[in-house]
Ligand SMILES: Cc1cc2nc3c(=O)[nH]c(=O)nc-3n(C[C@H](O)[C@H](O)[C@H](O)COP(=O)(O)OP(=O)(O)OC[C@H]3O[C@@H](n4cnc5c(N)ncnc54)[C@H](O)[C@@H]3O)c2cc1C
């Protein structure tokens, strides 16, 4: 019997997270083996073709604000021609008085200059975005086809090995290497370092090493609506994307007449059903009215023309889990991307690569990473005794007691 192949670096999971990390490692001259249980890349949540991306601009959650800004700049720099910059409008909350100067001042405190974010009165928003609401215009906001991005990142490369139809059931340390075992308890391969980017399944793989992660599924459905040329909705449709309670893409005029308009999404905590739900389309019809502030809109004119259903993986504190699993040396995690796969994958690629290659922390600092941000993403944040330490690129973590933070929405 031949012995299993050994690789210095193995990535488990060929969604946007695993593919982007792999691509960054290849660019840094490493040889990488990527493994997925599916027969091709982007088979799961990353089959999503309409993921929007913009820095978070709300109040509160200061680390989230800083991290999404850094991640946005990284994503924008990464995806080149497939980064679809159409701008994103974020309407102001209806229950709050909109004071433009105050909103602009807040945006500047987030280090978002005018080219990144500007407060608009309704009339200006109507001209630029096609929606008459006060709010913030993010001209560099974009959308990304995650499937295309994943496939691009895994284009053939002399140092890339892809193992499809290869499901990993557990990991076991043997000497200096990690063994990756399949469901028949056979060793599929061995590795010096393993990056687990298997979304929810990361929980099972971590559990096989006696590490408990607080991950949970959140099903989501995006609806594709078709709208007749002469329907009242046609005059209301946006020219840019809108992000608020839900989101939508710019409406697309169809060559045969009428419009296609993508609106999402549902946020079904604890659900994993991959099938289309009529109730989710109905929810999206209501979200469509809210996004356009079109209270009198007749939702029966939003005809269902397709959908995308995916299961997000989220951690309780809304942040992704990215970094070295310090209590299991040689293991790195990139999971819980929630509803921000486009942003967090770009950030994970830089952070994991720096940790795997043991780069100087100064390199990350150049991207605006401070030690507190690295600690905010680290798996160690869930384990007792490590929070106060605020480690930079690694800290020893006890795995005795997982701390499960309370569970706000992961949107
Ligand atoms: C409705 C909806 C709307 C969304 N909107 C946005 C948006 O607007 N903007 C945005 O940025 N993001 C959005 N997202 C989130 C985005 O789609 C996800 O964050 C992203 O796709 C997750 O990527 P991933 O690589 O972590 O996981 P996945 O794409 O799920 O990849 C995980 C991979 O691991 C493999 N795998 C699992 N277990 C094993 C195993 N044991 N062995 C081998 N391989 C394994 C799987 O086959 C899969 O290929 C949305 C998601 C949904 C559902």
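Worth pointing out:
- Checked against (1) over 30 Å from residue 309 (Cα atoms); (2) not assigned by TED's automatic domain parsing to the domain that holds residue 287, residue 107 meets all criteria but (2).
- Residues considered: 224, 196, 242. Of these, the only one that is crowded, with 22+ Cβ neighbours inside 10 Å, within 15 Å of the ligand (Cβ to nearest atom), at pLDDT 95 or above and within 30 Å of residue 300 (Cα to Cα) is 242.
- The range 147-170 - residue that is part of a loop (DSSP other than H, G, I, E, B) and within 14 Å of the ligand (Cβ to nearest atom) and, of those, farthest from residue 14 (Cα to Cα): 169
- Top-ranked residue of the range 127-146 - restricted to ones that are surrounded by 14 or more Cβ atoms within 10 Å (Cβ to Cβ) and in a helix (DSSP H, G or I), ranked as farthest from the ligand (Cβ to nearest atom): 128
- The strands (runs of 3 or more DSSP E) found wholly in the range 171-271 and carrying at least 1 residues that are closer than 30 Å to residue 138 by Cα and under 25 Å from the mean Cα position of the chain (by Cα) occupy 215-227, 241-244, 246-248, 259-264.
- The set of residues from the range 326-338 being more than 16 Å from residue 21 (Cα to Cα), touching a residue at least 40 places away in the same chain (Cβ under 8 Å) and either crowded, with 24+ Cβ neighbours inside 10 Å or more than 8 Å from the ligand (Cβ to nearest atom) (or both) comprises 326, 327, 328.
- Residue 359 meets all of the listed conditions (1) away from the ligand (no atom under 16 Å from the Cβ); (2) more than 16 Å from residue 65 (Cβ to Cβ); (3) in a helix (DSSP H, G or I) but one, namely (3).
- One residue stands out among those in the range 55-85 that are within 13 Å of the ligand (Cβ to nearest atom) and out of contact with any helix residue (DSSP H, G or I) (no Cβ under 7 Å at 6 or more places or on another chain): the one that is nearest to residue 353 (Cα to Cα), which is 76.
- Residues of the range 83-124 satisfying the condition of being in a loop (DSSP other than H, G, I, E, B) and touching a residue at least 40 places away in the same chain (Cβ under 8 Å): 83, 86, 87, 92, 94, 110, 111, 112, 116, 117
- The single condition among (1) at positive phi; (2) surrounded by 14 or more Cβ atoms within 10 Å (Cβ to Cβ) that residue 165 does not meet is (2).
- Residue 297 in a strand (DSSP E or B), touching a helix residue (DSSP H, G or I) at 6+ places or on another chain (Cβ under 6 Å) and more than 10 Å from the ligand (Cβ to nearest atom): no
- Taken together, the residues in the range 5-54 that are assigned to a helix (DSSP H, G or I), touching a helix residue (DSSP H, G or I) at 6+ places or on another chain (Cβ under 8 Å) and either within 13 Å of the ligand (Cβ to nearest atom) or within 14 Å of residue 165 (Cα to Cα) (or both) amount to 10.
- Residue match in the range 149-165 (condition: closer than 26 Å to residue 291 by Cβ, assigned by TED's automatic domain parsing to the domain that holds residue 8 and either within 23 Å of the chain's Cα centre (by Cα) or modelled with pLDDT under 95 (or both)): yes
The values are calculated or read from the model by the stated rules, or taken from the named source; none is laboratory data. Keep in mind that this is a model prediction, so the values were computed, not measured. Reconstructed Cβ throughout: ideal geometry from the backbone, glycine too, with neighbour counts over all protein chains shown.
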